[in-house]
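The values are calculated or read from the model by the stated rules, or taken from the named source; none is laboratory data. The structure displayed is predicted, hence computed values, not measured ones. Glycine also receives a Cβ, built like all others from the backbone with ideal geometry; neighbour counts cover every protein chain displayed.
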Amino acid sequence: MLDLLDSPGMVHTIYVLGSMALFSIGLYGLLARRHLIKIFIAIAIMELSVYLLFIALATSPGETAPILADGLTRFAGMADPVPQALTLTAIVIGMAVLAFGVTLAIHYHRLTGIRDIDAMTELKD
Amino acid sequence: MALPLTPIWFIALPLLLAFLAPLWARLRLLLPLLFGAQVVLLALAAALVPAVRQAPLLETIVIAPPLGIHLHLDAVALLLVTLFHGAAALLALFVWLDEGVAHLRGPRPFVLLLLLVAGCDGMVLTGDLFNLYVFLEIAGVTAYALSALHRDRAGLEAGLKYVVIGSVAAVFFLFAVVLIYLQTGQLNIAAVAADFAAIPAPMQVLIGLSLLVGLGIKAELFPFNFWVPDIYQGSDPAVASLFSGVLVKAFLFVLFHLAFLLLADPRVAQVWLMGLGAATLLVAETVALRQPDLRRMLAYSSLGQIGLIALALGFTSEATTAGALFHMVNHTLAKLLLFLVAGLLIRRAASARLEALTGLGRQMPLAAGLFVLASLSVLGLPPLAGFASKLWILTGFAEAQVFWPIALILFGALLEAGYYFRWVKALYATGDAPVARGPAPAPARSAYLPLLLIAALLLLLGAAPFLLEADLVGAAQALLDRAATIEGVLGAQP
């Protein structure tokens, strides 16, 4: 019965559900939390769910890294390398944006003492 | 010239210079170099015009498409790239000559401007979806940094709000890219377009909606544009002019380019895009009527014009598309002028409120005159450029026998007249003597040079729109001709 869990369809379903749950958690945090740092964490969780979805659905159980070494001489049974490369790039970009956002938040907090996004009222109608 | 003139320079040169600039110690030589780069890029765009009029330029990088990455320089991409570099060069000249506020001095704004232009060029030129995401983030991060260039309360608040909303937009865009790759196994836009119809319909809707949310936020379409006025108000007016003039145009192009390419039947997108454009136009123009802050008024006016452009582009007829592209050019010039003049006025009055600016036209006659000129162009009064492009769009709708957009555009113009005259009237108001202004000195005479250049361009394009007509029609055909684009890319493989 537990073999069922190893079938690609089942594994992919589990990952899709997991990444949807992560995305929802991120979206909830973004909309419901008011602390600036928590909002950035929520965005990071949303990004993470997209990375997870991409990597999980692009590979099936049993596939190895597409590197010819350790006795491997043919490109057979290997994972598609494109999603992995793209996800690495996206992680780097996401981290840079996150660092930039947190830097701005720290500057803003030092200047005004505010860390609540609802208290940012300098720019309003 | 030893180096071949290829589209890659539009991305490589600004990136290279921007990253080398911090290593350069001699400030005296650096600023002319950074400004000169904008002029060189504009000259490069002009030099490529004859070649692109013959046939679109395809530059493959290492491997041919659909496996490799390529840059696609067709008539519409060249038009936008030229527009970006023209606007960036004029803005750089203004910032250089003006030497006004402290946070715009030194190399920082120039470096960020180069990065922004590289990002926008990349978005317009690239033929690869993931590249598009990377360029979108380059332009995005640069825009956040530009927004927070002035480290005061308003600037940081604008930067923070921009980072949050921009990151969310990027997540949605990345989600759409991931879904497209999982469905088709392709990232090349032309190859994806060829396979897109084979994707199951519910997945097509999900991809379409993610793209619409992600790019709709970035391209400032209603209802995703609630954040825009805050950003424009908190950023320096020179930076806001760049957002309104360059950045939004790039995102708008990406949205429509993808919509036209991916969907075999453009009528599916027509309803959505025209509807969003109409809603953007109507809401923004109405809200602009009662803005007490000059920067917010200009932001809402910019949104209204974006809505107008989206409405005309979404109709997908050749005449309205060409007119919309022309309106993009005119709106960029007019908003550049309006925001830069607004910056001068605000600095003099030390406030952007209507009351504070009252009577300022008598102290700064040239600035106020330019403000009136640019306002008239936005309204679409002859003989200014805005008239020529609005007329082109209206004729296009009339030829197609569709009349509700015409009524909407004319109603929008009426509202625009209402709020622009309110501000012009205030500038020239008499009665209460001008209060003691801040310590800001009058701007240097030379700072008016780029502003007068923009005004001259607005007059020239209004008086002689036929100068650009052939290129605009060519650009519209390139944007609309889905089959030729796909064939051009996929046929190029060995």
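In segment B:251-261 there is no residue that is in a loop (DSSP other than H, G, I, E, B), more than 14 Å from chain A (Cβ to nearest Cβ) and in contact (Cβ under 8 Å) with a residue 24 or more places away in the chain. When B:Arg151 is tested against the conditions (1) more than 7 Å from chain A (Cβ to nearest Cβ); (2) farther than 28 Å from A:Leu27 by Cα, the lone failure is (1). Checked against (1) in contact with a Gly (Cβ under 7 Å, 6 or more places away or on another chain); (2) in a helix (DSSP H, G or I); (3) not acidic (Asp, Glu), B:Phe224 passes all but a single condition, namely (2). Could you go through segment B:53-62 and let me know if any residue there is without any contact (Cβ under 8 Å) to a residue 60 or more places away in the chain and assigned to a loop (DSSP other than H, G, I, E, B). Yes, there is a match, as at least one residue in segment B:53-62 is without any contact (Cβ under 8 Å) to a residue 60 or more places away in the chain and assigned to a loop (DSSP other than H, G, I, E, B).
Any residue at all in segment B:90-98 that's in a helix (DSSP H, G or I) and under 30 Å from A:Thr87 (Cβ atoms)? Walk me through it before giving the result.
We begin by selecting, within segment B:90-98, every residue in a helix (DSSP H, G or I); these are B:90-98.
Checking which are under 30 Å from A:Thr87 (Cβ atoms) leaves us with none.
No, there is no match, as no residue in segment B:90-98 is in a helix (DSSP H, G or I) and under 30 Å from A:Thr87 (Cβ atoms).
Condition check: in contact (Cβ under 8 Å) with a residue 60 or more places away in the chain and either out of contact with any strand residue (DSSP E or B) (no Cβ under 8 Å at 6 or more places or on another chain) or more than 7 Å from chain B (Cβ to nearest Cβ) (or both). Does A:Gly101 satisfy that? Judged against the criteria, A:Gly101 is a match.
Looking across segment A:23-33, the residues that are within 12 Å of chain B (Cβ to nearest Cβ) and either surrounded by fewer than 18 Cβ atoms within 10 Å (Cβ to Cβ) or not hydrophobic (A, V, I, L, M, F, W, C) (or both) come down to A:Gly26, A:Leu27, A:Gly29, A:Leu31, A:Arg33. Across segment A:8-22, the number of residues qualifying as within 11 Å of chain B (Cβ to nearest Cβ) and either in contact with a strand residue (DSSP E or B) (Cβ under 7 Å, 6 or more places away or on another chain) or over 20 Å from B:Gln183 (Cα atoms) (or both) comes to 0. Looking at this structure, is B:Val52 within 23 Å of the chain's Cα centre (by Cα), β-branched (Val, Ile, Thr) and farther than 19 Å from B:Val117 by Cα? Criteria met by B:Val52. Does segment B:179-189 contain any residue that is at the interface with chain A (Cβ under 9 Å from one of its Cβ atoms) and part of a loop (DSSP other than H, G, I, E, B)? So far as segment B:179-189 goes, yes, one or more of its residues are at the interface with chain A (Cβ under 9 Å from one of its Cβ atoms) and part of a loop (DSSP other than H, G, I, E, B).
Yes/no matrix, rows are residues, columns are (1) of a type in the set (A, V, I, L, M, F, W, C); (2) modelled with pLDDT under 85; (3) at negative phi:
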position: B:Phe387; (1), (2), (3): yes, no, yes
position: B:Gly396; (1), (2), (3): no, no, yes
position: B:Ile409; (1), (2), (3): yes, no, yes
position: B:Gly438; (1), (2), (3): no, yes, yes
position: B:Tyr448; (1), (2), (3): no, no, yes
position: B:Leu452; (1), (2), (3): yes, no, yes
position: B:Ala475; (1), (2), (3): yes, no, yes
position: B:Val489; (1), (2), (3): yes, yes, yes
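Scanning segment B:290-310 for residues that are in contact with a Leu (Cβ under 6 Å, 6 or more places away or on another chain) and surrounded by fewer than 21 Cβ atoms within 10 Å (Cβ to Cβ) returns a single hit, B:Pro292.
Restricting attention to segment B:157-172, the residues that are within 19 Å of the chain's Cα centre (by Cα) and more than 7 Å from chain A (Cβ to nearest Cβ) add up to 5.
Out of segment B:142-155, which residues are free of Cβ contacts under 8 Å to residues at least 12 places away in the same chain and part of a helix (DSSP H, G or I)? Show your work before the answer.
Step one: list which residues in segment B:142-155 are free of Cβ contacts under 8 Å to residues at least 12 places away in the same chain, which gives B:152-153.
Answer for segment B:142-155, where residues must be free of Cβ contacts under 8 Å to residues at least 12 places away in the same chain and part of a helix (DSSP H, G or I): just B:Arg153.
Looking only at residues of segment B:460-480 that are within 18 Å of B:Leu391 (Cα to Cα) and in contact with a Lys or Arg (Cβ under 9 Å, 6 or more places away or on another chain), we find that the one that is surrounded by the fewest Cβ atoms within 10 Å (Cβ to Cβ) is B:Ala470.
The rows are residues; the columns are (1) within 24 Å of B:Met328 (Cα to Cα); (2) of a type in the set (Val, Ile, Thr).
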| residue | (1), (2) |
| --- | --- |
| B:Arg28 | no, no |
| B:Leu67 | no, no |
| B:Leu80 | yes, no |
| B:Gly100 | no, no |
| B:Val111 | no, yes |
| B:Leu114 | yes, no |
| B:Asp121 | yes, no |
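Within segment A:45-89, if we keep just the residues that are small (Gly, Ala, Ser) and more than 14 Å from chain B (Cβ to nearest Cβ), the residue that is nearest to A:Leu17 (Cα to Cα) turns out to be A:Gly62.
Return yes when B:Gly119 is within 17 Å of B:Ser244 (Cα to Cα), within 9 Å of chain A (Cβ to nearest Cβ) and assigned to a helix (DSSP H, G or I) and no when it is not. Spelling it out, it is not the case that B:Gly119 is within 17 Å of B:Ser244 (Cα to Cα), within 9 Å of chain A (Cβ to nearest Cβ) and assigned to a helix (DSSP H, G or I).
Yes/no matrix, rows are residues, columns are (1) farther than 21 Å from B:Ile138 by Cβ; (2) among the charged types (D, E, K, R); (3) in contact with a Lys or Arg (Cβ under 9 Å, 6 or more places away or on another chain):
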residue	(1), (2), (3)
B:Leu16	no, no, no
B:Ala47	yes, no, no
B:Pro56	yes, no, no
B:Ala75	yes, no, yes
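Within segment A:104-114, the residues that satisfy the criterion of being without any contact (Cβ under 8 Å) to a residue 24 or more places away in the chain and more than 7 Å from chain B (Cβ to nearest Cβ) are A:Ile106, A:Arg110, A:Gly113, A:Ile114.
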